[in-house]
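Structure record follows, encoded as structure tokens.
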Amino acid sequence: MEYGNCTCQATCEDPDGKNCYATCFEEQTCLCVEGFLKKGDECVPSQECSCFFGERVIPVFVNTECTRRCQCQGNALACEDNYGCSSDATCEERDGVRQCYCNDGYTGDGQNCEVATDCADIYNSNITDSGVYTIKPTNWNGSAFEVYCNMTDEGGWTVFQRRVNGSQDFYQGWNRYKYGFGSPNHEQWLGNEKIYYLTNQRSYQLRIDLVYGTGRPYFAKYDVFRINDKNDKYRLADLGSHFGTAAKDRLNSHENKLFSTHDEDNDGWSSYNCAERHRGGWWYAEYSVDTPCAISEYYCDWWPSGNNSCGICTQANLNGDYNSVTPGTSIDWESSSENDCDIIYTEMKIKPV
């Protein structure tokens, strides 16, 4: 010990003395020399301090400015003075623990923070509110971009398609579907380029939510979902097993099919342009022509092809016209219990398996 005139000093409980606000007095008192901390009435080497803060046992102690961190090693505090927060982090206390925390949309230990690669990264960093966040998939060379993260159903779902009220026109050309359109917190197609990089950085599952005009919700899940790149026309390369309350599997027939738009016809059907007929961008394919064709509720998802016949290229047309009354052009998911074309809400989203 040494003599000094200040009663405020570092202790085992408060290694930096930041929580001490005592006034320094003129009278002399005993102070611990450098390298020692006050423990009760004694001065002990810092490495002999027990790992506690007040009466609470702590594995790590970080000072108020997050410039120094002491960790419990063998029931002793080992301190480092090179601790500091990333420019994308904030020094704050959460649930009684002070440290550097990465800002929303970033993941890491607070000292090093990176943009999340998907919404699962964000959810796993203890952010559980649904909303718009910034991500940057692995190998994506462009700027980070905004997505809507749906944190229901155990969280971490990256939304790439949503229909709400028809305010966004989905009858778009190849480049619009390639780069995306709409708003992440409203109606949107994220963009095939982004979907490609997302679904090829790890293994993903797909969830589709539907609400019909009756107000009843349904969902379909596929345990695998992946598309190929632009050179393969964003082919729906992998689609796993189906389950959910939307009982019928309406995507199975589209697996291994190329993406088509009205100005980029890849459906393999020389007689028709499916994207043009169905008024959307999708993994359309040659399907069938039916005759005779009665334009009724049953045929709402079929388009008249002349000579009393109808054609169809899809059993699921989630990017069709909203609330359309023209046969064959509506948002559609063939159902056993609802009007196929009376869909008022859709959301497609992915999450790592």
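The values are calculated or read from the model by the stated rules, or taken from the named source; none is laboratory data. Bear in mind that the values here come from a model prediction, so they are computed numbers and not experimental data. Note: ideal-geometry Cβ built from the backbone for every residue, glycine included; neighbour counts use all protein chains shown.
Hey, among THR138, THR158, THR152, which residue is farther than 15 Å from ASP209 by Cα, at pLDDT 95 or above and of a type in the set (Ser, Thr, Tyr)?
Only one candidate qualifies: THR138.
Within the stretch 221-248, can you find the residues that are in contact with a Phe, Trp or Tyr (Cβ under 8 Å, 6 or more places away or on another chain) and not in a loop (DSSP other than H, G, I, E, B)?
LYS221, PHE225, ARG226, ILE227, LYS230, LEU236, ASP238, LEU239, HIS242, GLY244
Which ones in the stretch 232-258 are hydroxyl-bearing (Ser, Thr, Tyr) and crowded, with 20+ Cβ neighbours inside 10 Å? If you could, list the steps in order and put the result at the bottom.
From the stretch 232-258, those hydroxyl-bearing (Ser, Thr, Tyr) are 234, 241, 245, 253; that's our starting set.
Matches in the stretch 232-258: TYR234 only.
Condition check ((1) small (Gly, Ala, Ser); (2) part of a loop (DSSP other than H, G, I, E, B); (3) under 15 Å from the mean Cα position of the chain (by Cα); (4) buried (at least 19 other Cβ atoms within 10 Å of the Cβ)) across all residues:
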position: GLY155; (1), (2), (3), (4): yes, yes, yes, no
position: THR158; (1), (2), (3), (4): no, no, yes, yes
position: ARG162; (1), (2), (3), (4): no, no, yes, yes
position: TYR171; (1), (2), (3), (4): no, yes, no, no
position: PRO184; (1), (2), (3), (4): no, yes, yes, yes
position: ILE195; (1), (2), (3), (4): no, no, yes, yes
position: ARG202; (1), (2), (3), (4): no, yes, yes, no
position: GLN205; (1), (2), (3), (4): no, no, yes, no
position: THR214; (1), (2), (3), (4): no, yes, no, no
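Taking into account only those residues within the stretch 83-142 that are in contact with a helix residue (DSSP H, G or I) (Cβ under 8 Å, 6 or more places away or on another chain) and small (Gly, Ala, Ser), which is farthest from VAL353 (Cα to Cα)?
The extreme case among them is GLY105.
Could you list, in sequence order, the residues of the stretch 134-171 that are more than 15 Å from LEU198 (Cα to Cα) and touching an Asp or Glu at 6+ places or on another chain (Cβ under 9 Å)?
Scanning the stretch 134-171 gives ASN150, MET151, ARG162, ARG163, VAL164, ASN165, GLY166, SER167, GLN168, ASP169, PHE170, TYR171.
Could you grab me the full set of residues in the stretch 299-337 that are surrounded by fewer than 24 Cβ atoms within 10 Å (Cβ to Cβ), in contact (Cβ under 8 Å) with a residue 60 or more places away in the chain and not in a loop (DSSP other than H, G, I, E, B)?
The one that is surrounded by fewer than 24 Cβ atoms within 10 Å (Cβ to Cβ), in contact (Cβ under 8 Å) with a residue 60 or more places away in the chain and not in a loop (DSSP other than H, G, I, E, B): ASP321.
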